[in-house]
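Structure, as structure tokens:
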Amino acid sequence: MKNKIKIERAVHSFTQDELAQKIHVSRQTIHAIEAGKYVPSTVLALRMARLFQKPVEEIFELEQEDL
Amino acid sequence: MFMKLLLPHRWKNIGWTVLGVGVLLSVAPFLFHTDLNLTAPVFAMVHDPVLGKTGYFSVVRTDISFTLTGVLFLTGALLVAFSKEKNEDEYISSLRLSSLLWAVLVNYLLLLFAFLFIYGIDFLMVMTYNMFTVLLIFIIRFNYVMLRNKSLPHEK
């Protein structure tokens with residue numbers, strides 16, 4: 001799964017720490033999601049979408065291997 | 001679901017202290033070439049002395065140094081292993097779970113190795129250590145993974 005967290009973070013000019021605090025997770029979690037090492041839960045994905053005011057599908061995208 | 005089994009973070013430091021005392025007490029006899037030699041009356045569900053009859057549900061006087069170090073070690077290690085991190089979240093829970101899988105696998109691979117290549121009385125030592133190794137390997141692995149994650153650079 002691909003995600004645009006890093007881009008959204010840049011758009012809103014949040015650091016990893018700030019984003020982590022806003023959605024109540026650790027900075028390591030943001031780092032792992034951005035690096036594609038961790039796929040967040042639906043709850044966390046929805047929380048991010050709400051923060052960035054975008055539908056989840058615009059932030060997270062399935063890749064060929066996920067189909 | 002996994003998180004429900006965890007204690008609050010403050011128990012982790014208490015666990016490290018108890019574990020430390022347990023390790024010190026179990027290492028001390030080797031360092032100072034003395035035995036702890038603590039005997040005390042204990043309630044034994046089963047007591048099987050080298051010479052004599054097996055007793056059940058009775059109070060017996062016996063050496064409790066192994067009991068003491070074992071209980072301290074296990075209590076400490078359980079507290080360390082089952083306490084939340086300061087910022088325990090879903091990713092850390094997943095690291096916790098994968099570390100546990102890793103620890104169980106490595107533990108049993110080591111045991112398999114010992115089964116194949118260690119014979120005689122020394123195998124009893126393997127069994128003794130093996131009682132503690134799953135927890136120990138888990139604690140080492142999880143803390144290593146956490147440390148590696150904490151040292152990641154802060155990205156803007």
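Bear in mind these aren't lab numbers, they're just calculated from the coordinates by the rules spelled out. The structure displayed is predicted, hence computed values, not measured ones. Don't worry about glycine lacking a Cβ; one is built from the backbone with ideal geometry, like all the others, and counts go over all protein chains shown.
Straight-line cross-link partners of B:LYS86 among the lysines, defined as a Cα under 22 Å from its Cα and at least 8 positions apart when in the same chain: A:LYS22, A:LYS37, B:LYS4, B:LYS12, B:LYS150. Rg over Rh for chain A works out to 0.93, using Cα positions for both radii and the Kirkwood form for Rh. Its residues counted as N, chain B yields a C-alpha radius of gyration over 2.2 N^0.38 Å of 1.29. Between region A:5-67 and region B:81-134, what is the C-alpha centre distance in whole Å? Centre-to-centre (Cα) distance: 33 Å.
With r as the distance between the Cβ atoms of B:PHE132 and B:ASN87 and R0 = 25 Å, compute the FRET efficiency 1/(1 + (r/R0)^6) and round to 0.05. Don't skip to the answer; put the middle values down first.
On the way: r = 28 Å, r/R0 = 1.14.
About 0.30, to the nearest 0.05.
Neighbouring Cβ atoms from other chains, within 10 Å of the Cβ of residues in B:81-92, number 4 on average.
A Förster radius of 22 Å combined with the Cβ-Cβ distance from B:PHE123 to B:PHE43 puts the calculated FRET efficiency at roughly 0.15.
For A:LYS4, the aspartates and glutamates whose Cα falls under 12 Å of its own Cα, not counting residues fewer than eight places away in the same chain, are A:GLU34, A:GLU57, A:GLU58, A:GLU61. Over chain B, dividing the summed -39,500 (n - 2.57) contributions of all DSSP H runs of at least 4 residues by the number of residues returns a 222 nm mean residue ellipticity of -22000 deg cm²/dmol. In the calculated pair distance distribution of region B:24-116, what percentage of Cα-Cα distances lie above 19 Å? Counting every Cα pair in region B:24-116, those more than 19 Å apart make up 66 percent. Shape analysis of region B:75-131 yields a ratio of the Cα radius of gyration to the Kirkwood radius, Rg/Rh, of 1.14. Can you give the convex hull volume per residue for the Cα atoms of the protein assembly as shown, as a whole number of Å³? Per residue, the Cα convex hull of the protein assembly as shown comes to 194 Å³.
Between B:LYS150 and B:ASP35, full extension at 0.36 nm per residue minus the direct alpha carbon distance yields a gain of 37.3 nm.
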